[in-house]
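Visitor: Let me begin by handing over the structure; questions about it come next.
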Amino acid sequence: MPRISEEEDPLSKERHAKMEQQFNRRHGTVPRSFEKGAAVFVQQWKAPHFVWKKGVVKRRAGAVNYEVEVDGKVIRKHANQMRPRMESEADSGLNTLLGVLQLQDYWHPTTGTTSQRNLSDVSTSSMCPSHSTQPSPPPLRRSSRVRRPVQRYGISNA
């Protein structure tokens, strides 16, 4: 009796597609693809742990592998080690927050704000008396357990 191969059987192709869809739904797979020139975060090993670095996708090197430029070097990374990066949104969010709260950006200070900040720090420190008294450390807790000597078998003091 001749057998029909799986490539020729349309029902097996449909069954395989349904099985793959069910697996992807069940295990939460996320399709990832990155375009050339896309800004990404790349997971890199820096002992003793992984760190996320900024990079730019140079080209696709396979189904799930990409060549990414990180710190001037082109490295090959798997799609699972990459995350999309929205640089403009993060910067605008910080600027909006600083504007609403009327605060200065201490992470990226400008030259004018640093001199004003240093002058204000000097003037406030000269007006306020410094308190050199340090709070005393809390007393150490000691165990209240009563330790008894070991009583061994076979020894009699009588």
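Yes/no per residue for (1) without any contact (Cβ under 8 Å) to a residue 12 or more places away in the chain; (2) over 15 Å from the mean Cα position of the chain (by Cα):
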residue: LYS18; (1), (2): yes, yes
residue: ASN24; (1), (2): yes, yes
residue: THR29; (1), (2): yes, yes
residue: ARG32; (1), (2): no, yes
residue: GLN44; (1), (2): no, no
residue: PRO48; (1), (2): yes, no
residue: VAL57; (1), (2): no, yes
residue: TYR66; (1), (2): no, yes
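Visitor: So, one more: Please indicate, with yes or no, whether at least one residue in the stretch 103-120 is at pLDDT below 80, aliphatic (A, V, I, L, M) and under 30 Å from GLY28 (Cβ atoms).
Guide: No: the stretch 103-120 contains no residue that is at pLDDT below 80, aliphatic (A, V, I, L, M) and under 30 Å from GLY28 (Cβ atoms).
Visitor: Being more than 28 Å from VAL42 (Cα to Cα) and at pLDDT 85 or above is the requirement here; does VAL150 meet it?
Guide: Numbers: more than 28 Å from VAL42 (Cα to Cα): yes; at pLDDT 85 or above: yes.
Considered against the rule, which asks whether it is more than 28 Å from VAL42 (Cα to Cα) and at pLDDT 85 or above, VAL150 comes out as yes.
The values are calculated or read from the model by the stated rules, or taken from the named source; none is laboratory data. Please read all numbers here as calculations on a predicted model, not as lab measurements. Here the Cβ is made from the backbone with ideal geometry for all residues, glycine too, and neighbour counts use every protein chain on show.
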